[in-house]
Amino acid sequence: MSLAIYTWCGLASQGFFFNSTLDCYYEHVGVDISAEAGSEVYAVCNGTIESVYTDDVLSGTQIVLVKDDGVRAVYSYVDPVDGLEAGDTVTQG
């Protein structure tokens, strides 16, 4: 199954941040890639869908894709294709 997701995704920044909502500091160690709403987003790698969260207040719908070596790709603020669920395998692209 290809992972085609329709999305808008956050800021393109990294570093140490203060989250005023949670009243705490955190280190952002990922890479954020933004796209316009309605853009198709494809799997960054071959892997297995670890989870599909649909009710995260801070991240919207979130999909976690895990590679065989344990590296995870997290897609936030996305609308997953119908039928996508934990345990599905996806191919890059």
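Worth a mention:
- Karplus-derived 3J(HN,Hα) values for the stretch 68-85, using 6.51 cos²θ - 1.76 cosθ + 1.60 with θ = phi - 60°, are 4, 7, x, 5, 10, 10, 10, 9, 10, 6, 10, 10, x, 5, 4, x, 6, 8 Hz; glycine and proline are entered as x.
- Gyration tensor verdict on the stretch 18-93 (Cα atoms; rounded if a/c is under 1.5, prolate if a/b is larger than b/c, oblate otherwise): prolate
- A cut-off under 14 angstrom between Cβ atoms defines the neighbours of LEU65, and their net charge, with Lys, Arg +1 and Asp, Glu -1, is -3.
- For ASP88, residues with placed amide H under 5 Å, excluding near neighbours: ILE49
Read the figures in this text as sums done on the coordinates, not as results from a lab. Treat the numbers as computed from the prediction; the structure is a model and nothing was measured. FYI the Cβ positions are ideal-geometry reconstructions off the backbone, even for glycines, and counts take in every protein chain you see.
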